[in-house]
């Protein structure tokens, strides 16, 4: 009954938030959203004025269990999309679906609680962090998968609770943050070896869990900088990728969680999970130009359209409230549309833009 109610709500609420101000005919954008407490993935379409759920895909293999779909990414040619299923017994799973009909076509067992992922344009391999919520806070791993054969070809040890799996623009370097040990890791995407790591938590006592709790890393398109969200210290830090030092610190809203940067490198969008808000940053000035409330109380993931026009932001909702995908116009810095999706909306991946 609850699932039927959520579907009904999604159909009625899709596009319920009308566009603010005039919009040109920008075409249709499509984004996948993972709903962690509903075992669903929703494909949301946005036409410049309204957002609506086009398809709802049931995922997982245990009908009586919530399996936690978490991370999403779309293949380099757009023919497949990939989903990490966090809760296994004990190991999680990577699923592969066709974008044409959302049919499951492959799967691969990973580590404990696989989370965010991305595919390298240089190697063609998929890199997924194993967040590992179970047991002691020990170093965990990054799984490297051949997405064609759906076979794990390597596994690299990093820090405790790695998250924010992202690659440099050229695909040659992989970055992730270890949430509980406070570290930033750089992996050679070809050799799978850790090249460098650094502590992002200032004055961290030896043997203690990080208070900074870095949750996301976003390489800048220029290849010279990285931006990390320090969830526990309401801060975003800029790291010089060559000198491997922190160069700037930005004070943010409570609980910065996920980040994305426009392809021109000028604008960074951050989700403030604890505050239920979205921050828009001018990177040249190092200044927050807007802070926008999300439609639900727990803001989660963000992806920016390749043309830099819109940011698509997932929001988990609270208790039995549905999640949402909010759309922010980066020209006006205003929330212009929202679609209701399933419970605990989290991972989000851009699929296509058709004019």
Scan 243, 285, 254 and give me the residue that is touching a strand residue (DSSP E or B) at 6+ places or on another chain (Cβ under 7 Å), part of a loop (DSSP other than H, G, I, E, B) and farther than 22 Å from residue 165 by Cβ.
-> 254
Considering only residues of region 328-344 that are under 17 Å from residue 72 (Cβ atoms) and modelled with pLDDT of 95 or more, which is surrounded by the most Cβ atoms within 10 Å (Cβ to Cβ)?
-> 341
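Each row is one residue, and each column tells you yes or no for (1) within 27 Å of residue 144 (Cα to Cα); (2) free of Cβ contacts under 8 Å to residues at least 24 places away in the same chain.
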position	(1), (2)
191	yes, yes
194	yes, no
223	yes, no
226	yes, no
269	no, no
285	no, yes
Restricting attention to region 320-341, the residues that are in a loop (DSSP other than H, G, I, E, B) and either closer than 23 Å to residue 215 by Cα or under 13 Å from the mean Cα position of the chain (by Cα) (or both) number exactly 1
Can you name the number of the only condition in (1) more than 25 Å from residue 72 (Cβ to Cβ); (2) surrounded by fewer than 16 Cβ atoms within 10 Å (Cβ to Cβ) that residue 212 fails?
-> (2)
In region 266-277, is there at least one residue being in a strand (DSSP E or B), within 23 Å of residue 27 (Cα to Cα) and at pLDDT 95 or above?
-> yes
From 45, 19, grab the single residue that is at pLDDT 95 or above and over 30 Å from residue 109 (Cβ atoms).
-> 45
Out of curiosity, is residue 38 modelled with pLDDT under 95 and over 23 Å from residue 143 (Cβ atoms)?
-> yes
Can you name the residue in region 131-157 that is part of a strand (DSSP E or B) and buried (at least 24 other Cβ atoms within 10 Å of the Cβ) and, of all such residues, is modelled with the lowest pLDDT?
-> 140
So which residues in region 30-56 are surrounded by 24 or more Cβ atoms within 10 Å (Cβ to Cβ) and either farther than 19 Å from residue 344 by Cα or free of Cβ contacts under 8 Å to residues at least 12 places away in the same chain (or both), if there are any at all?
-> 46
Within region 288-319, track down each residue that is in a loop (DSSP other than H, G, I, E, B) and in contact with a strand residue (DSSP E or B) (Cβ under 8 Å, 6 or more places away or on another chain).
-> 294, 295, 296, 297, 298, 305, 306, 307, 308, 309, 316, 317
Go through region 53-81 residue by residue and tally those that are within 18 Å of residue 30 (Cβ to Cβ), outside any strand (DSSP E or B) and touching a strand residue (DSSP E or B) at 6+ places or on another chain (Cβ under 8 Å).
-> 5
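The values are calculated or read from the model by the stated rules, or taken from the named source; none is laboratory data. None of the values given here were measured: they were computed from a predicted structure. Every residue, glycine as well, gets a Cβ built from its backbone with ideal geometry; the counts of neighbours run over all protein chains shown.
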